[in-house]
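Just so it is clear, none of the values below were taken in a lab; they were calculated from the coordinates. Keep in mind it's a predicted model, so treat the numbers as computed, not measured. Cβ sites come from the backbone with ideal geometry, for glycine too, and all protein chains shown count toward neighbours.
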């Protein structure tokens, strides 16, 4: 639990008391979740907060977490109100429950930045969970501490600049959902995309054209460096080059797409349409 002036925070102790007084089901799990969520908050982040709002925020995120076992992301963007939610915040709240994977936090930060939205608090924890047949959580723990876990999910509680425009709120939610889908596609297909890169490296000597030995060696060295986890491969698609009336048509193979390329349809291009420095020697 977070500490203030070397002593356990009375504020967070009160959150625990509220959980035990008000929550009717899964009391121990909800209390454990609140300890996990707020356990590393600094005294600065706790300044100006009250126990009832911290209780409400923890319970709200727990309910989203407990009710969402599917791999697809669950995202809420809302302004909590006492009358409707039982707690309030001067900020707009983003709740996210998403399958645990790399790049989540950076991707969320970049999405907020694209919308020029400041993040005032970002709490996130990757958790292992056990669920019953109905999908309800029966236990959870930080990664590596639950040997018989059935799922791994990351929960987010984010406090951002207050938003009052419903269209802007919907746009942010859509953006975050799209970003989470992109991350999922990139992570799922990272190894197959890396194998495609290795295949290219292997085949390169047979398709070097007029390149010199030095150019081939330099290119091969660079591609091998990329393949050694020095580059994030976000997508892949194979293209066929077909001669067409004195030009060449670049045709994307739809079934070859990996990663982010799976979300878009290939657009055929003529080689003459490309910038000169993007063309290869014919």
Quiz item: Angle, helix 166-188 long axis vs. longest principal axis of the chain, Cα atoms, 0 to 90°, nearest 10?
Solution: 60 degrees
Quiz prompt | Per residue, the convex hull volume that the Cα atoms of the stretch 190-278 enclose (Å³) | solution = 125 Å³
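Would you calculate a helix-derived [θ] at 222 nm for the chain, using -39,500 (n - 2.57) for each DSSP H run of n ≥ 4 and dividing by the full residue count, to the nearest 500?
Working: 9 runs with 110 residues, N = 282.
One gets -12000 deg cm²/dmol as the mean residue ellipticity at 222 nm.
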Quiz item: How far, in degrees from 0 to 90, does helix 27-38 lean away from the longest principal axis of the Cα atoms of the chain, to the nearest 10?
Solution: 60 degrees
Exercise. Would you mind getting me the FRET efficiency between residue 165 and residue 245? Use the beta-carbon distance for r and R0 = 30 Å, nearest 0.05.
Key: 0.05
Practice problem: Determine the principal axes of the Cα atoms in the stretch 1-145, then give the extent along each, sorted from largest to smallest and rounded to whole angstroms. | Solution: 42, 37, 34
Quiz item: Which of the peptides 191-199, 33-41 is most tightly packed, and how do the rest follow, judged by the mean count of other Cβ atoms within 10 Å per residue?
Solution: 33-41, 191-199
Practice problem: Based on other C-beta atoms within 10 Å, arrange 184, 113, 119 from fewest to most. | Solution: 113, 119, 184
Practice problem: Sort the following peptides by mean Cβ neighbour count (other Cβ atoms within 10 Å, averaged over residues), highest first: 89-102, 155-168. | Solution: 89-102, 155-168
Exercise. Kindly state, to the nearest 0.05, the FRET efficiency for residue 122 paired with residue 225, given R0 = 35 Å and r defined as their beta-carbon distance.
Key: 0.60
Practice problem: Report the extension gain between residue 256 and residue 70 in nm, rounded to one decimal, defined as 0.36 nm multiplied by the number of residues separating them, less their alpha carbon distance. | Solution: 64.3 nm
Practice problem: Would you please calculate the Kirkwood hydrodynamic radius of the stretch 155-213 over all C-alpha pairs and express it in Å, rounded to one decimal? | Solution: 15.7 Å
Quiz prompt | the stretch 88-133 versus the stretch 40-71: alpha-carbon centroid distance in Å | solution = 12 Å
Exercise. Could you sort 211-223, 66-78, 259-271 so that the peptide with the highest average Cβ count within 10 Å comes first and the rest follow in order?
Key: 66-78, 259-271, 211-223
Quiz prompt | For the chain, built as a Gaussian network whose Cα springs stay under 10 Å, the top-fluctuating residue of 170, 118, 83 | solution = 83
Quiz item: What FRET efficiency would be calculated for the residue pair residue 24, residue 174, taking the C-beta separation as r and a Förster radius of 41 Å, to the nearest 0.05?
Solution: 0.75
Practice problem: Would you mind checking the tilt of helix 190-203 against the longest principal axis of the Cα atoms of the chain, expressed as 0 to 90 degrees and rounded to 10? | Solution: 20 degrees
Exercise. Please work out the Cα convex hull volume for the stretch 114-259 and give it in Å³ per residue.
Key: 245 Å³
Practice problem: Evaluate the distance, in nm, between pseudo-label points positioned 7 Å from the Cα of residue 213 and of residue 114 along their respective Cα→Cβ axes. | Solution: 4.7 nm
Quiz item: Which whole-angstrom value gives the distance between the alpha carbon centres of the stretch 158-205 and the stretch 234-279?
Solution: 21 Å
Quiz item: So what's the chain giving for Rg/Rh, alpha carbon basis, Kirkwood Rh from the mean inverse pair distance?
Solution: 1.11
